[in-house]
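The values are calculated or read from the model by the stated rules, or taken from the named source; none is laboratory data. Keep in mind that this is a model prediction, so the values were computed, not measured. Please note: Cβ atoms are built from the backbone with ideal geometry, for glycine as well, and neighbour counts cover all protein chains shown.
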Amino acid sequence: MRQPVFLLSVLLVLWIAGASYWYVCKIRCDCKNSVAHAVELQDIGDAVAPTPEQLLLASVDEAKGYISESGVQKCLFRSSSSDGDMSGISDEYVQKLKLVLDNSPSARIEATGHADATGTDAYNIKLGLRRAEFVKSYLVNAGINAEQIVTSSKGSSEPAASNSTPEGRAANRRTEIKVII
């Protein structure tokens, strides 16, 4: 009787460890951070363990660094469309952006829509604003406070590339996301 109970206990422990690994590393994508925190906690030895507030502040500072290093993010759009391709903005970026904005009430995001030179100036200003609003709704759906997101449009007045080639026009159909901390 002892042997089956021991075997089931070992299996239960392995299952819990596997489920914890799967949640932290695969679902939250936080493997590197959890290993780093474990090493930091082991290194402190006899020192007092950091409080949850200190850990949160350290996480926010790390996220601010990541956001700053990432610079201006760009969301590209198909021709004459206000539905963008958000694949250029990683989930990790959005998660860290949310962490920073949740813990920095004065921080904000500026989403600026742009267009290529096809169409009238008035049309391109409206199109740029629709593109900025599309990005804003994407970020709000990701959990970011809508009051911290400001949208604007530059239309076709600030091209990123020449409008004389299809590639240049494609680069000009964008929304730029700038974070002000």
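So residue 83 fits all but one of (1) under 12 Å from the mean Cα position of the chain (by Cα); (2) modelled with pLDDT under 85; (3) of a type in the set (D, E, K, R); what number is the exception?
Going through (1) under 12 Å from the mean Cα position of the chain (by Cα); (2) modelled with pLDDT under 85; (3) of a type in the set (D, E, K, R) one by one, residue 83 breaks only (1).
Scan segment 95-140 residue by residue and report those that are among the acidic types (Asp, Glu) and either surrounded by fewer than 16 Cβ atoms within 10 Å (Cβ to Cβ) or closer than 20 Å to residue 181 by Cβ (or both).
102, 110, 121
Just one of (1) closer than 30 Å to residue 56 by Cβ; (2) part of a helix (DSSP H, G or I) trips up residue 169, so point out which.
In the conditions (1) closer than 30 Å to residue 56 by Cβ; (2) part of a helix (DSSP H, G or I), residue 169 misses (1) alone.
Against the condition at pLDDT 60 or above and farther than 28 Å from residue 104 by Cα, how does residue 55 come out, does it pass?
No, not satisfied.
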